[in-house]
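J.: I have a structure here, written as structure tokens, and I will follow up with some questions on it.
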Amino acid sequence: MQDKYNHLDVERAAQAHWTGRDAYRVTEDAGRKKFYACSMLPYPSGKLHMGHVRNYTINDMLTRYLRMNGYNVLMPMGWDAFGLPAENAALKNKVPPAKWTYDNIAYMKKQMQAMGLAIDWSREIATCDPSYYKWNQWLFLKMLDKGIAYRKTQVVNWDPVDQTVLANEQVIDGKGWRTGAPVEKREIPGYYLKITDYAEELLDHVHTKLPGWPERVKLMQENWIGKSEGVRFAFTHDIKGEDGQPIGDGRMYVFTTRADTIMGVTFCAIAPEHPLATHAARRNPALAAFIEECQQGGTTEAELALREKVGMDTGLKVTHPLSGLPIDLWVGNYVLMSYGDGAVMGVPGHDERDFEFAMKYRLDILQVIHVDGEHYDYKHWNAWYADKERGVTINSDIFSGFDYQHAVNAVVHALQQKGLGEKKTTWRLRDWGVSRQRYWGTPIPIIHCDVHGAVPVPEKDLPVVLPLDCVPDGSGNPLNKREDFLACQCPVCGKPARRETDTMDTFVDSAWYFMRYCDPKNDQAMVGKGADYWMPMDQYIGGIEHAILHLLYARFWTKVMRDMGLVKVDEPFTKLLTQGMVLNEAFTRTGTEAGKEYYWAHDLDIVRDEHAKVISATSKLDGLPVTYEGWTTMSKSKNNGVDPQELIEKYGADTARLYTMFTAPPEATLEWNDAALEGSHRFLRRVWNFGHKLHAAGHGAAGAAPGKVFGVDSKALRLEIHTLLKQVDYDYQRMQYNTVVSGAMKLLNALEDCKATTGTGVPEALSEGFGILLRVLYPATPHIANALWQSLGFAQAQGELLDAPWPKVDPEALKQDEIELVLQVNGKLRGSVRVPAGASKHEIEKLAVASEAFQQHSGGASAKKVIVVPGRLVNVVI
């Protein structure tokens, strides 16, 4: 055994050993308890970052711990390989996205292997592989057949530079996230999935079938689905279109959750794309120009909420359904055609947005809700104006004097009598648009025929394979220029036809990959019997940034697969852990030309106070000050990232793993600390040195055999070791890995603090304690634990560490011959007293009064009363 800890040798040897015996290959075994633990599918961006290291180490610790506890554990890995970043890299480097992607996969896989992760690489998938995306296409066609997938024209976010549709989250301040070009609204055809058909079940299962999910994630899912109970009703009109017929059959529908305020309507607002707006714009050039201006910018609710609310009067009027009064009709830039009916009622008296709009354009404001004790101010908004809990209707004709629910019921009854409205449930959730005008994605399996229109590709012809040699040049989807891809025959008539060039949203790829892991080589079915064994997933681990869309789409996709008889589960993920981000300090200087410039910490002279907080920082290059930006997410662009590969080479994978687990609980953010990283490495050196000391003394894997006799020193050590083991095991079960590492450090302290090297049972207790420490440490630092386990002979005695049984707490070790009680005199702490573990109350009283601590503090007085709190303290009253 080497006397010095050399992490490079230790980790290289361990990984070669595990690879040689294919240690992490997992098969289905009905006779064992299964556990499926999975980290979210990574994008092959080029290099791992510390967030990856943390995420995968959490998963790895769980996997190794459960395997030692007898579980059949699956931890797979793959690559979310399609998407726009690969196209952008291709555009920049003038190489096909396929080459960039596969080169990155190879490099990142080596990095993961260097971390010593217990991944079953036989199940590796890449979503850009035709053997994977064939099943995207296959299920899409099945959904098309069942009406879950459909084609329609919709208003979308269009980036005129990238010439592609942008998802809502890719529109930032009205501009494309990559190009910075002002986003346009366009109507283009595309394919959609009816996730709204599953809205009720998706919402219901948030409350009933996701008990292992964080509450904030469940709330985010609930809010995104957005169920609203309200009333849908119509304002009538006689506005006729070009065909001489009333537009919309003479009805303009709106939805409201505040039907109690219906008598307070003073205007209505419609979306710029609304048919009534289009009609009015034909005769009003100013309105047409305004509508065109509204087309600029995205269609996201979040963006519209932040934009200034502007509008223009159409000059048209609609009729209030209950009062019969004419209501002015405005076009508002804050109204979305894709939400509800593209029109809203304006009640400025009791809606803050409408109040601001009315004040801006000097529209009427009517108070129709009163709250006792409150005064209505028509010039300033107050929160109580929207209070439906305390409010009572006023100025509402026959609907006055009602509380919220009674007013709603009365209004609905009146609308129903007129045939103009009814109660309705609406959803914030919208159908999932999966068409993308991009190259690097799953080809949508549709053929366009001049005679038969959009025709599904026959199942026997799947997959529709994406050409791998396209190089995007910024002029749109390169598939449109590939005649060898485009040209085909119509499956119906056999005449020349053209392939669809839109590809699928990459959320499709990540919506079911975890199912494919269960049976990744099956070329006859999307999923096989492996999914029956492994699903649902027992533990899913990933970042909070995926808390809405990815998880929602994965839940929807699972339900569709269930309804088609492909899987048997309702929900894919039993438990969810959203690990915290890894942060580091950032330093900047605002230049006159380059904008904000970021500086590496090692290029600065940093002054800190006694609490390590930054007081000032100056550049070593020019001596000028830089600005401390505080803690922020690690990023290459911010010059505050830490390269895991450099870390592994300098300190070892075990140090990197141990540090990321010890510094913060898994759910919390981790603030990078170089000193703490050094401390983690020193701790592993101490572990190695203690193991070498045991080896040199010949103690090895002696252990504590049944019936072994222990003396005072060995009993004390075993008590401490097994007490710590009990806590560590509890922490493992609740995945509090920071306190697991803390417990391992306390175990080493206990072993090092044992000064006795001889005596009854001491060598055995030391050996047993170190064997427990190695098993406790193994899930976090598998390489060093494996090396010491082998060197000290534990492998020969108890088998390889990989499958060694988890140490059990010995009840005998927790039994104490003596216990220490706090000693008080007249209620004040005066020391302690040791008593036999089974001492009676009378015996404890005698020992307390006779103790040296009492004699020192009693001043010669005798005890009047002795109070014993069992197991805790003795208070002697004098």
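J.: Quick one: in region 208-353, what % of C-alpha pairs are over 25 Å apart?
T.: Every Cα pair in region 208-353 considered, those over 25 Å come to 35 percent.
J.: On average, how much area does the Cα convex hull of the chain cover when viewed from any direction, in nm²?
T.: With the hull built on Cα positions only, its mean projection is 51.6 nm².
J.: Could you give the dipole magnitude of region 227-424 about its Cα centre, charging the beta-carbon of Lys and Arg +1 and that of Asp and Glu -1, in debye to the nearest 20?
T.: Taking the Cα centre of region 227-424 as origin, the dipole is about 300 debye.
J.: If you don't mind, another one. Mind scanning 746/828; 693/715; 99/460; 726/746; 4/650; 841/865 and naming the pairs with a C-alpha gap bigger than 24 Å?
T.: Table pairs above 24 Å Cα-Cα are 746/828; 99/460.
J.: Compare the Cα positions of 668, 717, 658 along the charge dipole of region 581-717 (+1 at Cβ of Lys, Arg; -1 at Cβ of Asp, Glu; about the Cα centre) and return the one farthest towards the positive end.
T.: 717
J.: State whether region 1-136 is rounded, prolate or oblate according to the following rule on the C-alpha gyration tensor (a ≥ b ≥ c being the square roots of its eigenvalues): a/c under 1.5 gives rounded; otherwise a/b larger than b/c gives prolate, and the remaining case gives oblate.
T.: Working: a/c = 2.38, a/b = 1.39, b/c = 1.71.
The shape class here is oblate.
J.: Between the alpha-carbon centers of region 482-500 and region 832-855, tell me the distance in whole angstrom.
T.: 95
J.: Specify whether the C-alpha gyration tensor of region 419-458 places it in the rounded, prolate or oblate class, a ≥ b ≥ c being the square roots of the eigenvalues: rounded for a/c under 1.5, otherwise prolate if a/b is larger than b/c and oblate if not.
T.: Values: a/c = 4.29, a/b = 1.92, b/c = 2.23.
Oblate, because a/c is 1.5 or more while a/b does not exceed b/c.
J.: Set the Förster radius R0 to 41 Å, insert the Cβ-Cβ distance between residue 588 and residue 480 as r into 1/(1 + (r/R0)^6), and round the FRET efficiency to 0.05.
T.: Given R0 = 41 Å and the Cβ-Cβ separation, E is 0.45.
J.: While we're on this one: Please compute the contact order of the chain in relative form: average sequence separation of alpha-carbon pairs under 8 Å and at least six residues apart, divided by the residue count, as a percent.
T.: Computed over the chain, the figure is 13 percent.
J.: Hey, any idea what Rg/Rh is for region 760-808, computing Rh the Kirkwood way over Cα pairs?
T.: 0.96
J.: In debye, nearest 20, what is the charge dipole magnitude of the chain about its Cα centre with +1 on Lys and Arg Cβ and -1 on Asp and Glu Cβ, if you could check?
T.: On the way: 98 positive and 109 negative charges, 367 e Å.
Result for the chain is approximately 1760 debye, rounded to the nearest 20.
J.: For region 526-551 and region 626-673, what is the centre-to-centre distance using only Cα atoms, to the nearest Å?
T.: Here the two parts' Cα centres lie 27 Å apart.
J.: For region 660-814, what are the per-bin percents of Cα-Cα distances with bins 5 Å wide, up to the bin holding the maximum?
T.: Each 5 Å bin holds this share of Cα pairs: 2, 9, 19, 22, 22, 14, 7, 3, 1, 0.
J.: So what is the calculated 222 nm ellipticity per residue for the chain, using -39500 (n - 2.57) for each DSSP H run with n of 4 or more, over all residues, to the nearest 500 deg cm²/dmol?
T.: For the chain, the value works out to -10500 deg cm²/dmol.
J.: Over the Cα atoms of region 360-503, what radius of gyration and what Dmax do you get, in Å?
T.: 29.2, 78
J.: While we're on this one: Looking at region 643-715 from every direction and averaging, what is the projected area of its Cα convex hull in nm²?
T.: For region 643-715, the mean projected area of the Cα convex hull comes to 8.0 nm².
J.: Need the C-alpha centroid separation for region 53-102 versus region 420-477, integer Å.
T.: 26
J.: Could you tell me the relative contact order of region 741-878? Use alpha-carbon pairs under 8 Å, at least six residues apart, and round to a whole percent.
T.: Details: 148 pairs, mean separation 22.7, N = 138.
Once divided by the residue count of region 741-878, the mean separation gives 16 percent.
J.: Over region 582-651, what lengths in whole Å, largest first, do the semi-axes of the equivalent ellipsoid take, defined as the square roots of 5 times the eigenvalues of the alpha-carbon gyration tensor?
T.: On the way: eigenvalues 87, 53, 28 Å².
Rounded to whole Å, the semi-axes are 21, 16, 12.
J.: OK, next. Which trypsin sites (Lys or Arg not before Pro) in region 329-425 pass both tests, a DSSP loop state and at most 13 other beta-carbon atoms within 10 Å?
T.: On the way: sites: 353, 360, 362, 379, 388, 390, 418, 423, 424; in loops: 362, 379, 388, 390.
In loop regions of region 329-425 (DSSP not H, G, I, E or B), the sparsely surrounded trypsin sites (Lys or Arg not before Pro) are 362, 379.
J.: For region 633-685, what mean projected area does the convex hull of the alpha carbons give, in nm²?
T.: Convex hull of Cα atoms, orientation-averaged projection: 3.8 nm².
J.: Where Lys and Arg each count +1 and Asp and Glu each count -1, what net charge lies around residue 386 among other residues with Cβ under 9 Å from its Cβ?
T.: For residues surrounding residue 386, the net value is -1.
J.: Right, something else. Hey, fewest Cβ within 10 Å first, where do 40, 735 land in order?
T.: Neighbour counts put them in this order, fewest first: 735, 40.
J.: Add +1 for every Lys or Arg and -1 for every Asp or Glu among the other residues with Cβ under 12 Å from the Cβ of residue 826, and state the total.
T.: Values: positive: 828, 830, 864, 865; negative: none.
Charge balance in the 12 Å sphere: +4.
J.: Quick check: net charge around residue 783, other residues with Cβ under 13 Å of its Cβ, Lys/Arg +1 and Asp/Glu -1?
T.: Taking every Cβ under 13 Å from that of residue 783, the sum is -1.
J.: How large is the translational diffusion coefficient of region 139-274 in µm² per second when you combine the Kirkwood radius over alpha carbon pairs with Stokes-Einstein at 37 °C and 0.692 mPa s? Write down the numbers at each step before the final one.
T.: Numbers: Rh = 19.2 Å.
Using the Kirkwood radius from Cα pairs, D works out to 171 µm²/s.
J.: Report the Stokes-Einstein translational diffusion coefficient (µm² s⁻¹, integer) for region 182-245, Rh taken as the Kirkwood radius over Cα pairs, at 4 °C with viscosity 1.567 mPa s.
T.: 79
J.: Which shape class applies to region 818-877: rounded if a/c is under 1.5, otherwise prolate when a/b exceeds b/c and oblate if not, where a ≥ b ≥ c are the square roots of the Cα gyration tensor eigenvalues?
T.: Cα axes put region 818-877 in the prolate bin.
No value in this document is a laboratory result; all are computed from the given coordinates. These figures come from a predicted structure and were not determined experimentally. Every residue, glycine as well, gets a Cβ built from its backbone with ideal geometry; the counts of neighbours run over all protein chains shown.
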